[in-house]
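The values are calculated or read from the model by the stated rules, or taken from the named source; none is laboratory data. Since this is a predicted model, take the numbers as computed values, not measurements. Don't worry about glycine lacking a Cβ; one is built from the backbone with ideal geometry, like all the others, and counts go over all protein chains shown.
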Ligand SMILES: NC(=O)c1ccc[n+]([C@@H]2O[C@H](COP(=O)([O-])OP(=O)(O)OC[C@H]3O[C@@H](n4cnc5c(N)ncnc54)[C@H](O)[C@@H]3O)[C@@H](O)[C@H]2O)c1
């Protein structure tokens, strides 16, 4: 098998044109990174708003500044909904969503639709990389046969790799460049091209022997988190019954310099990854007659957390001779984790919904989410309330659901009559603070 010398040369001298398909939380920073080192980048998305924003140099993701997009545009970054432009690219990197369907099974429709839109324009000497999180076997079983149905031979004429994304939006300690990236190829030639493609923009690219290994690596990382968060959420309930503060326990255990990694309890899992990805493996494991019991159990514990927090709100109000029904309740933080604007799968919203169904009047405050967005399963016609002394005094209960750094915790503790803290933000016991 001969090496694709001309493609490798274009990648290495940065004359290759990079196509990024799906310009969301993953695709946009990657596009910016390729532009930053001098590549011409074409972004492809079905969302015309995103293409328009990029054309105007405007961001649509809070932690990515306008200037980063403007600088990339100056380098030749353009975004479009016109998939014929993919014919101009030498590399196509697919970063589209991989959610679960209504039966909590993998929904690969975004990946397949994307590929189908690209196939008519695919040509010899292109490399295709899938970054979306998925079950082991997706690249080999779903992408390769579709690509080869065009007559192009993978590993000889086009090159196919899987390289999972590890972005941690809002984390100031890591960037796209500094997070090591795993890469697996369909053939040795695919691997060489994939490594060359990522070596140009990522400090450390970690080769693995196959696309399946790369796919499962990503799932292991996220399952590891989901299971450990499930464990610590269960510990929290035990500690609560005994009358121990779980956060004090975790902080003490974390002083052990080996063999312990701290995970923190909370109101439930959120985001596009941790609540969803583990079930991609559960689905695949069933094909082999295996029940992924750790994953299921962690899912069960974690998905009960919003209800547990609601139980704490009920008890707390009860202690003040109040019922949830008729109470005014303020939810602090509706993004799924602190300091970001991402609402996907946010447990705060499930808490809001359960309390509203019980008859509470709900408001929220979140400096990162000024307007309650359109969501598939929830609807609230609300905008973020500004946290003032007068505002805080209006509520029977304040639920700290997401502990953004922008909240004034001293002000809240001083003026809220009752706080249910699901994040362990308040360390000192106080009459008006209930830990959940
Ligand atoms: N967000 C994270 O922190 C994170 C971290 C690691 C891995 N991932 C994985 O990366 C993948 C992408 O996640 P994301 O957070 O960037 O999603 P996102 O929803 O922010 O972005 C996806 C983009 O794909 C576009 N899109 C959808 N269908 C398309 C199609 N047919 N053709 C072209 N574009 C299409 C959407 O319009 C959107 O702009 C997922 O598999 C996710 O699990 C995400």
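Quick notes on this one:
- Qualifying positions in segment 405-422 - within 14 Å of residue 337 (Cα to Cα) and surrounded by fewer than 21 Cβ atoms within 10 Å (Cβ to Cβ): 405, 406, 407
- Test result for residue 96, touching a strand residue (DSSP E or B) at 6+ places or on another chain (Cβ under 7 Å), in a loop (DSSP other than H, G, I, E, B), crowded, with 19+ Cβ neighbours inside 10 Å and at pLDDT 95 or above: yes
- Selection count, segment 119-131, where residues are buried (at least 23 other Cβ atoms within 10 Å of the Cβ) and more than 19 Å from residue 3 (Cα to Cα): 2
- Considering the conditions (1) buried (at least 19 other Cβ atoms within 10 Å of the Cβ); (2) within 30 Å of residue 173 (Cβ to Cβ); (3) more than 11 Å from the ligand (Cβ to nearest atom), residue 89 is excluded by exactly one of them, (2).
- Residue 326 passes every criterion in (1) over 26 Å from the mean Cα position of the chain (by Cα); (2) assigned to a loop (DSSP other than H, G, I, E, B); (3) within 30 Å of residue 168 (Cα to Cα) apart from (3).
- Any hit, segment 268-285, residues being more than 16 Å from the ligand (Cβ to nearest atom), within 23 Å of residue 166 (Cβ to Cβ) and surrounded by 18 or more Cβ atoms within 10 Å (Cβ to Cβ): yes
- 3 or more residues touching a residue at least 24 places away in the same chain (Cβ under 8 Å): qualifying strands (runs of 3 or more DSSP E) within segment 332-436: 361-365, 397-400
- Subset tally (residues that are more than 8 Å from the ligand (Cβ to nearest atom), part of a helix (DSSP H, G or I) and either under 17 Å from the mean Cα position of the chain (by Cα) or under 28 Å from residue 78 (Cβ atoms) (or both)) for segment 117-142: 5
Listed here are the residues, each with its yes/no results for (1) in contact (Cβ under 8 Å) with a residue 60 or more places away in the chain; (2) under 25 Å from residue 122 (Cβ atoms); (3) away from the ligand (no atom under 15 Å from the Cβ); (4) not in a loop (DSSP other than H, G, I, E, B).
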| site | (1), (2), (3), (4) |
| --- | --- |
| 9 | no, yes, yes, yes |
| 19 | yes, yes, no, yes |
| 25 | yes, no, no, no |
| 33 | yes, yes, no, yes |
| 42 | no, yes, no, yes |
| 52 | no, no, no, yes |
| 61 | yes, no, no, no |
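- When the test is whether a residue is in contact (Cβ under 8 Å) with a residue 40 or more places away in the chain and surrounded by fewer than 19 Cβ atoms within 10 Å (Cβ to Cβ), residue 328 passes it.
- Answer residue from segment 156-183, given it is away from the ligand (no atom under 16 Å from the Cβ) and in contact with a strand residue (DSSP E or B) (Cβ under 8 Å, 6 or more places away or on another chain) and is farthest from residue 93 (Cα to Cα) among those: 158
- Remark: residue 150 matches the filter, which requires a residue to be away from the ligand (no atom under 15 Å from the Cβ) and touching a residue at least 12 places away in the same chain (Cβ under 8 Å).
- The residues in segment 63-86 that are touching a residue at least 40 places away in the same chain (Cβ under 8 Å), within 11 Å of the ligand (Cβ to nearest atom) and part of a helix (DSSP H, G or I) can be counted, and the count is 1.
- Residues of segment 329-349 classified as on the phi > 0 side of the Ramachandran plot and under 16 Å from the mean Cα position of the chain (by Cα), total: 2
- Residue selected from segment 211-230 under the condition surrounded by 18 or more Cβ atoms within 10 Å (Cβ to Cβ) and over 20 Å from the mean Cα position of the chain (by Cα), by the criterion nearest to residue 266 (Cα to Cα): 212
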